[in-house]
């Protein structure tokens, strides 16, 4: 590689890194507890334990749960009924009042067998809420999320340029060399290179799927305007329903339409995922991948008949597959622990990169490039 | 001056520089995908392959010449 080319790549690496590093450090630090969100929820008692009920396997039904939620909070409306991924008898109803901000929900956890309220978990304040919101949009809504997406793209650019620069720096060192006996700067340059290059694939995947996740809101809006609008076109202009039909018969109809799948959640009429006339039953499979790839079934909320069901378009599928690849929650506790360790490694790479920049000798990179240049010249002369 | 770990022949080829990183990257991607397509043995495969970067870091960082 010519010295001029190295210089250019170094400029790309320096500036993309400088712009995104502080945000990436924030993302890595807030991301660390988020990896263990479920476990922390369990430890802090934010997820109810299902009471053991000997011999009870029947389901109380979604209608009973929704009616109970409405009875408890008559001023609010149930928007979604959600089945827990791990405990099928744990059913959540999420509610909003007419004045609720769009991203704030009251969540009620029910025993799906009895229809009894177990707990009202809190997802709207506390440590995990702060970590999660900082990580997703820094309390700045869609602009915040999109801004973090741009930071993520810069991060990917910095990883690519860093990998290109790895070659000239490692031409004279065997893989894994850490010059412990040299000045701290040489040692940390080696560690920056080693840690960065061995985590390359993981960090690109987690970084890039993170960027895709920042597009969740626009992607779902696109689906609404594209497919949902098309599927429910015959209902356009009809006045909103006064009274909805049974959710349980909607579930039965969805189950009959897709017998190999189970319900993941139901969007009540009047949400972003349904219309004023439809229930949307989101069906999913049970394998790690198919459990993420839901298939929406639209049910006429008056008659309980299936009106349409289609596979999600590629752009929503991409988003849904990006989620586990970003969260690391798809391979049990050992995978989460690996995710956490690699997250800490990334923090060290970011921190050492910052250190290398702050502790740079006077125009040290020029000196290093000159050295490389001389080496190239010597080589050419041989 | 002899630098620890420097190659005797002076310069490494691009292939030599990237052989180990590329192998680790390919195995990482196998691990990232395997837990997505299945459970049990596929999960174990992902743990093993994604533990490689961690093991490599510990080995070279803690190793003293």
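Couple of notes before you dig in:
- Shielding of peptide A:9-19 by partners, expressed as the average count of other chain Cβ atoms within 10 Å per residue Cβ, is 0.
- Crossing angle, helix A:141-170 versus chain A [Cα axis fit, 0-90 degrees, rounded to tens]: 30
- Angle in degrees between helix A:184-198 and the longest Cα principal axis of chain A, rounded to the nearest 10: 40
- Fewest-first sequence of A:120, A:76 by Cβ atoms within 10 Å of each Cβ: A:120, A:76
- Beyond 12 Å, the tail of the calculated P(r) for segment A:170-215 holds 66 percent of the Cα pairs.
- For chain A, the longest principal axis of the C-alpha atoms and the axis of helix A:127-137 are separated by about 70°.
- Computed on chain A, with alpha-carbon pairs under 8 angstrom and 6+ residues apart, the relative contact order is 19 percent.
- For segment A:232-349, radius of gyration divided by Kirkwood radius, i.e. Rg to Rh on alpha-carbons: 1.13
- Distance from segment A:51-106 to segment B:51-65 (C-alpha centre basis), Å: 49
- Ranked packing of A:242-249, A:198-205, most packed first, by mean Cβ within 10 Å: A:198-205, A:242-249
- Exposure proxy ranking, count of Cβ atoms within 10 Å, fewest first, for A:130, A:47, A:197: A:130, A:47, A:197
- Whole-number D in µm² s⁻¹ for segment A:47-121, Kirkwood Cα-pair radius fed into Stokes-Einstein, 10 °C, 1.306 mPa s: 126
- For the protein assembly as shown, the average shadow cast by the Cα convex hull is 25.4 nm², which is a quarter of the hull's surface.
- By the count of neighbouring beta-carbon atoms within 10 Å, fewest first, A:278, A:284 end up ordered A:284, A:278.
- Residue mean of other protein chain beta carbons inside 10 Å, A:330-340: 5
- Here the relative contact order of segment A:47-121, from alpha carbon pairs under 8 Å that lie six or more residues apart, stands at 32 percent.
- Förster radius 45 Å - calculated FRET efficiency between residue A:40 and residue A:236, Cβ distance, rounded to 0.05: 0.55
- Segment A:68-184 - percent relative contact order, Cα under 8 Å, separation 6 or more: 12
- Segment B:14-62 pair-distance distribution - Cα-Cα, 5 Å bins, rounded %: 5, 22, 24, 20, 15, 9, 4, 1
- Choice from A:45, A:61, A:353 with maximal GNM fluctuation in chain A (Cα, 10 Å cutoff): A:45
- Dividing the summed helix terms, -39500 (n - 2.57) for each DSSP H run of n ≥ 4, by the number of residues in chain A produces a 222 nm estimate of -17500 deg cm²/dmol to the nearest 500.
- Partner chain coverage, peptide B:26-33 - average Cβ within 10 angstrom: 4
Every read-out reported here was derived from the displayed coordinates using simple, explicitly stated rules and does not represent laboratory data. Keep in mind it's a predicted model, so treat the numbers as computed, not measured. Quick reminder, even Gly has a Cβ in these numbers, built from the backbone with ideal geometry, and neighbours come from all protein chains shown.
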